[in-house]
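Reviewing the structure listed below.
The numbers here are math on the coordinates, done by the rules we state, and not lab data. Worth saying up front: this structure is predicted, and the values here are computed from it rather than measured. Using ideal geometry, Cβ is built from the backbone for each residue, glycine included, and neighbour counts are taken over all protein chains shown.
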Amino acid sequence: MQPGTVCEPLDENFKKWLLAAIENCDGNLSTLAKTYGISRSTLYRKVRRLEIDVSQFRSKGA
């Protein structure tokens, strides 16, 4: 994707939604995938593409 494309605002909005969803699921991507009906492989791919560090959302005791 080139800078300044139409997809940038969509990616930014999706990233905001995804960050909130990850926080709600305490960083558990499997739970998030089941809750929202997203395949785990798609979810992991999007997390990687958007450069999200899921570990910051996981509970310290888990």
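Under the criterion of Cα pairs below 8 Å and six or more residues apart, the relative contact order for region 21-62 equals 46 percent.
Between Arg48 and Trp17, the modelled labels are 2.2 nm apart [label points 7 Å from Cα along Cα→Cβ].
Here the Karplus relation 6.51 cos²θ - 1.76 cosθ + 1.60, evaluated at θ = phi - 60°, turns the backbone of region 15-27 into coupling constants of 4, 4, 4, 5, 4, 5, 5, 5, 5, 4, 9, 6, x Hz, with x for every Gly and Pro. Between Val54, Gly27, Ile38, the Cα set farthest toward the positive side of the dipole of region 21-62 (charges on each charged residue's Cβ, about the Cα centre) is that of Ile38. The H on the amide N of Ile38, modeled in the peptide plane, is under 5 Å from the matching H of no residue at least 5 residues off or on a different chain. The order of Thr31, Thr42, going from fewest to most other C-beta atoms within 10 Å of their C-beta, is Thr42, Thr31.
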